[in-house]
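S.K.: Below is one structure. I have some questions about it.
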Amino acid sequence: MALNQLLFNIDSYLGQDDFESLKFLCMDLIPFKKLEKMQSCLHLFDELQKSGDLSEDDYSILAELLYLIGQHSLLRMLKTNRNAVKETLREKKYVSMYRRMLFELSENTTKEDQNSITYLLNIPNKFKENKSFLEILFYLDKTGNISEDNVDILENVVGEVSQELLNKIKTYKKETATTTLELLENANLPVSDPPLSIQAVSSTDTEYNNIESLREHVEVIHEVPSETDVEAENYISPLSLHEESKSEVYPMNRKHRGYCVIINNSEFIRSNSRPGTEKDAEELDKVFTWLGFDVVVYNEQKAKQICNIMEDFQMKDHSDRDCFVCCILTHGQSKAIFGTDNEPVNIKSSIVSPFSPSKCKSLAGKPKLFFIQACQGKSEQGSHFIEEDAVVTTNTIPEEADVLIGMSTVDGYISYRHIENGTWYIQALCANLEKMVPKGEDILSILIKVNKEVSEKEHKKKGTILKQMPEPSYTLRMKVVFPIPTSDIVKGQ
């Protein structure tokens with residue numbers, strides 16, 4: 001593939017936040033005046049080509065930048081992967097430790113911490129209003145308040161706000177000081193007491209960039225490592241690999257986790273109401289907010305309104321988001337759900353299909369999860385004794401890639417809802433997400449547990465024991481593992 005075509009394809013997956021991150025990381029590589037005038041990632045890539053850092057024969061700098069901003073899924077377009085890039089960075093880095101440290105700070109600073117830090121720094125309002133923390137750091141660096149050999153002001157203020165962020169600065173200072181001493185010793189230069197300022201060694205010096213003892217310490221928080229992380233030493237010529245590693249986990253390291261759309265229908269024109277559904281909506285909102293999603297709840301939606309919601313989210317830019325979740329609580333029939341006007345909405349063509357790669361490019365290659373609480377028919381499932389060697393049939397697989405559809409019941413059957421406590425399925429889903437995500441379990445393992453719990457429940461009707469069997473179907477290519485939330489979920493009273 002021609003370089004320009006490759007860069008164009010990569011640019012199509014990058015959002016504005018990615019562009020700002022790349023500009024910040026390239027501040028030591030591209031003159032500031034040129035960075036200021038840039039309007040897109042393509043302009044930045046073009047400048048890297050002009051400087052000779054990026055060429056048809058060497059994508060190393062691009063791989064490093066994509067790795068640092070957490071766009072690990074795009075590395076496959078360069079015929080490499082995050083483990084290979086991580087290993088390569090032990091020997092050669094384009095981005096200085098200083099720039100990487102500041103970027104890592106920006107990635108791990110909460111909005112509350114940012115407000116406290118900018119207040120203590122006494123930054124003029126015109127330079128901090130509606131600004132990201134990366135822009136605040138950019139301002140401090142540009143005005144000379146901080147520099148590669150002087151982060152004392154930032155260290156003192158951060159120390160008042162967050163021990164975790166302070167540790168990152170201390171680690172940077174320790175490593176740069178160690179590196180300076182090593183360089184001086186290797187060059188047989190006398191070492192002053194106290195040590196010379198680390199400004200004596202530029203991060204752009206060839207000798208500095210090739211120090212093998214430099215420890216890789218910048219790692220994206222919230223990323224769940226794959227089993228191949230510990231096998232990085234087995235890679236040979238990492239950036240020239242044509243065979244990708246068998247990564248088992250979808251990346252969960254972008255700026256935002258993603259949208260979680262909840263459609264909750266209770267009152268219908270020609271059907272019974274659904275008391276208890278508000279409990280399901282409340283639990284879903286709480287759990288997915290805890291998991292880092294931007295939750296949007298829509299109550300009492302007609303069929304056309306449901307389709308419009310899907311189209312609205314199809315048109316959004318999901319470039320900076322890890323995945324998409326949609327939860328629908330309503331009445332239904334085989335392969336369809338109902339709006340409050342009792343009009344059917346086809347699950348595959350109107351709910352799932354709008355988010356296919358061809359229709360929603362910014363979600364291509366990312367997991368799309370649909371949890372649907374609705375009857376899929378009028379039949380009731382009886383109970384049956386099983387023998388130890390009973391065989392479980394496999395689920396059907398939808399055509400779209402990277403999709404999971406969690407149905408509350410198998411096709412043709414009803415599902416059960418308690419008028420006060422909510423539905424069997426959604427309550428089990430929320431409870432097991434809460435219990436198993438902190439243990440690092442993937443979504444399919446969680447749904448298997450949900451299946452087990454729901455299948456063990458019983459509804460007695462005229463002496464007959466009735467059951468419910470949820471049905472997940474999926475075309476996921478990797479495991480969906482949500483990063484462990486940093487705070488405990490708020491329990492209901």
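The values are calculated or read from the model by the stated rules, or taken from the named source; none is laboratory data. All values derive from a computational prediction rather than experimental measurement. Here the Cβ positions follow ideal geometry from the backbone for every residue, glycine too, while neighbour counts run over all protein chains shown.
S.K.: In the stretch 276-328, what residues are in contact with a helix residue (DSSP H, G or I) (Cβ under 8 Å, 6 or more places away or on another chain) and of a type in the set (Asp, Glu)?
M.R.: Within the stretch 276-328, Asp280, Glu283, Glu311, Asp317, Asp320 qualify.
S.K.: Continuing with the same structure: For the stretch 64-79, state whether one or more residues are in the same structural domain as Leu29 (by TED's automatic domain parsing), over 24 Å from the mean Cα position of the chain (by Cα) and outside any helix (DSSP H, G or I).
M.R.: no
S.K.: Which residue pairs have Cβ atoms under 8 Å apart, sit 6 or more places apart or on different chains, and have a first residue in the stretch 26-39 that is touching a residue at least 40 places away in the same chain (Cβ under 8 Å) and a second that is charged (D, E, K, R) and part of a helix (DSSP H, G or I)?
M.R.: Short answer, once both residue conditions are applied: Met27/Arg99; Met27/Asp141; Asp28/Arg99; Phe32/Lys142.
S.K.: Would you confirm whether or not the stretch 95-104 contains a residue that is modelled with pLDDT of 85 or more and in a loop (DSSP other than H, G, I, E, B)?
M.R.: Within the stretch 95-104, one or more residues are modelled with pLDDT of 85 or more and in a loop (DSSP other than H, G, I, E, B).
S.K.: While we're here: Could you identify the single residue in Lys279, Lys304 that is charged (D, E, K, R), more than 15 Å from Thr423 (Cα to Cα) and in a helix (DSSP H, G or I)?
M.R.: Lys304
Matching residues to (1) assigned to a helix (DSSP H, G or I); (2) at pLDDT below 50; (3) touching a Phe, Trp or Tyr at 6+ places or on another chain (Cβ under 6 Å):
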| residue | (1), (2), (3) |
| --- | --- |
| Val161 | no, no, no |
| Lys170 | yes, no, no |
| Thr179 | yes, no, no |
| Leu183 | yes, yes, no |
| Asn188 | no, no, no |
| Val191 | no, yes, no |
| Leu196 | no, yes, no |
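S.K.: Is there any pair with a first residue in the stretch 160-173 that is within 9 Å of Met101 (Cβ to Cβ) and in contact (Cβ under 8 Å) with a residue 24 or more places away in the chain and a second that is acidic (Asp, Glu) and in a helix (DSSP H, G or I) whose Cβ atoms are under 7 Å apart and which are 6 or more apart or on different chains, and what are they?
M.R.: Cβ pairs passing all conditions: Lys168/Glu104; Ile169/Glu155.
S.K.: Another one. Every residue in the stretch 14-29 that is surrounded by fewer than 20 Cβ atoms within 10 Å (Cβ to Cβ) and over 19 Å from Lys131 (Cα atoms), please.
M.R.: Those that are surrounded by fewer than 20 Cβ atoms within 10 Å (Cβ to Cβ) and over 19 Å from Lys131 (Cα atoms): Asp28, Leu29.
S.K.: Tell me the residue from Asp322, Asp285, Asp312 that is without any contact (Cβ under 8 Å) to a residue 40 or more places away in the chain and either buried (at least 21 other Cβ atoms within 10 Å of the Cβ) or under 23 Å from Ala401 (Cβ atoms) (or both), please.
M.R.: Asp312
S.K.: Based on this model, can you work out whether Val85 counts as among the hydrophobic types (A, V, I, L, M, F, W, C), in the same structural domain as Gln5 (by TED's automatic domain parsing) and surrounded by 19 or more Cβ atoms within 10 Å (Cβ to Cβ)?
M.R.: Against the criterion (among the hydrophobic types (A, V, I, L, M, F, W, C), in the same structural domain as Gln5 (by TED's automatic domain parsing) and surrounded by 19 or more Cβ atoms within 10 Å (Cβ to Cβ)), Val85 qualifies.
S.K.: Exactly one of these conditions fails for Ile397: (1) over 24 Å from the mean Cα position of the chain (by Cα); (2) at pLDDT 85 or above; (3) within 20 Å of Val249 (Cα to Cα). Give me its number.
M.R.: (2)
S.K.: Return the pair list, or none, for Cβ contacts closer than 7 Å from residues in the stretch 330-341 that are polar (S, T, N, Q) to residues that are surrounded by fewer than 23 Cβ atoms within 10 Å (Cβ to Cβ) and modelled with pLDDT of 85 or more, at least 6 apart or on different chains.
M.R.: Between residues of the stretch 330-341 that are polar (S, T, N, Q) and residues that are surrounded by fewer than 23 Cβ atoms within 10 Å (Cβ to Cβ) and modelled with pLDDT of 85 or more, the close pairs are Gln333/Pro344; Thr340/Glu267; Thr340/Phe268; Thr340/Ile269; Thr340/Glu300; Thr340/Gln301; Thr340/Lys302.
S.K.: Listed residues Leu42, Leu25; which is farther than 20 Å from Met77 by Cα and at pLDDT 90 or above?
M.R.: Leu25
S.K.: Separate question: Scan the stretch 62-81 and tell me whether some residue there is surrounded by 20 or more Cβ atoms within 10 Å (Cβ to Cβ), among the small types (Gly, Ala, Ser), more than 30 Å from Lys170 (Cβ to Cβ) and touching a residue at least 60 places away in the same chain (Cβ under 8 Å).
M.R.: Looking through the stretch 62-81, at least one residue is surrounded by 20 or more Cβ atoms within 10 Å (Cβ to Cβ), among the small types (Gly, Ala, Ser), more than 30 Å from Lys170 (Cβ to Cβ) and touching a residue at least 60 places away in the same chain (Cβ under 8 Å).
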